[in-house]
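Inspection log for the structure reproduced underneath, given as structure tokens.
The values are calculated or read from the model by the stated rules, or taken from the named source; none is laboratory data. If you're wondering where the values come from, they're calculated on a predicted model, not measured in any experiment. Heads up, the Cβs are rebuilt from the backbone with ideal geometry, glycines too, and the neighbour counts pull from every protein chain shown. Protein only, heavy atoms only, side chains kept; ligands, DNA and RNA dropped before computing areas. Shrake-Rupley method; radii C 1.70, N 1.55, O 1.52, S 1.80 Å.
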Amino acid sequence: TQSTWGRWAGKFAPTMFRLTCTRQTVRVNRRCFSNSIVFDRQVKCMQRSQAARSPHARDFDYLKDEVADHIVSRLELISSNYSFPIAVDVGCGSGHFLRQLCVHPGIERLTICDSSKEMLYRDDLSQIAKDAGIELERLVCDEEALPFEPASVDLVVSCLSLHWCNNILGTLSQIRKILKPNGVFVGAVLGADTLHELRVAMALAEQEREGGVGIHVSPMLTPPDVGNLLSQAGFNIPTVDIDRITYHYSDMFVLMRHLQGMGENNASIHRRQYCKLPTLVAANAVYDHMFGTNVAEDDQSDNHVRVVPATFEIIHMIGWGPHDSQQKPLSRGSATFSLKDIDNSNMFEVTETSLNKKQ
């Protein structure tokens, strides 16, 4: 009952305010780039296959469908000046990108690939591709070993898949190599602030109940990481932006069931294999106490229900294959405009006297 959760929250309130000052409880999910193995790729494939076999799998596609819609929106802005006849969807899942591709940018052939065969063939996409006039090909392959010829693809997209790669720099380098000159890569990954509410609640509950903190949310990327990786992989004109999407659930356990249904449950090699029931109950109480809120059941109802938020940070990235026609920075010393001419510009009302005063 609500009173029971209130007693749990009251019991843990002193602990919560004491532990929120400990930095290790809030930054445990930062990716560290090295040659070490971070994720168990076989476990992640099994999780995705298990999610695909669920009879209610389509009910958990809402996050990836929304992110795929955002990718298509960015692609439509690019496609006004470019066409991409040959495209590849890396880590396609059940075809989220294809389903959102209502106005396709001249795509004639689309290859969708995923490491999970069950997820790849979960839905019948042939009619959707036929209606869009796209030749569809499915391919089971690992995102870290793409079987495409160099300079053979005009467009590569990826919707919430690459954050599970151990060698993400190697994967981005492969994507850059298979792109034709002036080809484009448009992708999205989960960022480091994803599920920060769940991470904090679990950390506080574990510290209180067990005297330590385990890894329950996989380490993820930050926006500066993504920009650096695109540059290191050899992309030109790298662009990074962030979306934050918040969904509400009745409690922490419903959120966990949805993450499992998405195939986005933890696959870190250092993850805890189990969690004690008292710790989970305490974490649910902490989650509700710190982040829970009352919302109306609908727009015309005065009844309110208790819900908890879950925030997903989506990092969008765009990178171009090198080409001579792309913009390049001018060489040092090639400027043709002098700072002394700023006085005569209508854009800036700055006089030489004011500049001297500042100096």
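List of remarks:
- So Val226, is it part of a loop (DSSP other than H, G, I, E, B) and buried (at least 17 other Cβ atoms within 10 Å of the Cβ): no
- Selection of first residues in the range 307-330 that are within 30 Å of Asp288 (Cα to Cα) and among the charged types (D, E, K, R) and of second residues that are open to solvent by less than 20 Å² (accessible area, probe 1.4 Å) and part of a loop (DSSP other than H, G, I, E, B), restricted to Cβ pairs under 6 Å at least 6 apart or on distinct chains, gives the following pairs, ordered by first then second residue: Glu313/Thr194.
- The set of residues from the range 66-102 being in contact with a helix residue (DSSP H, G or I) (Cβ under 6 Å, 6 or more places away or on another chain) and among the β-branched types (Val, Ile, Thr) comprises just one member, Val72.
- Summed over the range 67-100, the residues that are under 23 Å from Leu172 (Cα atoms) and open to solvent by 10 Å² or more (accessible area, probe 1.4 Å) give a count of 12.
- Taking (1) at pLDDT below 95; (2) open to solvent by less than 30 Å² (accessible area, probe 1.4 Å); (3) among the small types (Gly, Ala, Ser) in turn, Ala310 satisfies each apart from (1).
- Enumeration of residues in the range 203-246 that are among the basic types (Lys, Arg) and within 21 Å of the chain's Cα centre (by Cα): Arg244
- Test: residue in the range 202-209 that is in a helix (DSSP H, G or I) and either in contact with a strand residue (DSSP E or B) (Cβ under 8 Å, 6 or more places away or on another chain) or under 30 Å from Tyr82 (Cβ atoms) (or both): no
- Failed item in (1) surrounded by 14 or more Cβ atoms within 10 Å (Cβ to Cβ); (2) over 28 Å from Ile269 (Cα atoms), with Pro55 passing the rest: (1)
- The set of residues in the range 156-183 being buried (at least 24 other Cβ atoms within 10 Å of the Cβ), modelled with pLDDT under 95 and farther than 23 Å from Lys44 by Cβ consists of Gly183 alone.
- Members of the range 191-206 found to be of a type outside the set (Val, Ile, Thr) and either within 19 Å of Val308 (Cβ to Cβ) or modelled with pLDDT under 90 (or both), listed by number: Asp193, Leu195, His196, Glu197, Leu198, Arg199, Ala201, Met202, Ala203, Leu204, Ala205, Glu206
- Looking only at the range 309-327, residues that are more than 30 Å from Val217 (Cβ to Cβ) and part of a strand (DSSP E or B) come to 1 in all.
Here is a yes/no grid of residues against (1) in contact (Cβ under 8 Å) with a residue 24 or more places away in the chain; (2) of a type outside the set (S, T, N, Q):
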position: Pro85; (1), (2): yes, yes
position: Cys113; (1), (2): yes, yes
position: Ser116; (1), (2): yes, no
position: Leu120; (1), (2): yes, yes
position: Asp124; (1), (2): no, yes
position: Glu135; (1), (2): yes, yes
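- Asn294 meets the conditions (1) farther than 21 Å from Ser250 by Cβ; (2) open to solvent by 80 Å² or more (accessible area, probe 1.4 Å); (3) not in a loop (DSSP other than H, G, I, E, B) in every case but one. The failed one is (1).
- Of residues in the range 254-304 being out of contact with any Lys or Arg (no Cβ under 9 Å at 6 or more places or on another chain) and among the β-branched types (Val, Ile, Thr), the one nearest to Arg122 (Cα to Cα): Val254
- Odd one out for Tyr274, checked against (1) part of a helix (DSSP H, G or I); (2) surrounded by fewer than 17 Cβ atoms within 10 Å (Cβ to Cβ); (3) over 20 Å from the mean Cα position of the chain (by Cα): (1)
- Among the residues listed as Ile215, Ile242, the single one being open to solvent by 40 Å² or more (accessible area, probe 1.4 Å), aliphatic (A, V, I, L, M) and outside any strand (DSSP E or B): Ile215
- Qualifying residue in the range 250-263 (condition: closer than 24 Å to Arg48 by Cβ, part of a loop (DSSP other than H, G, I, E, B) and touching a helix residue (DSSP H, G or I) at 6+ places or on another chain (Cβ under 9 Å)): yes
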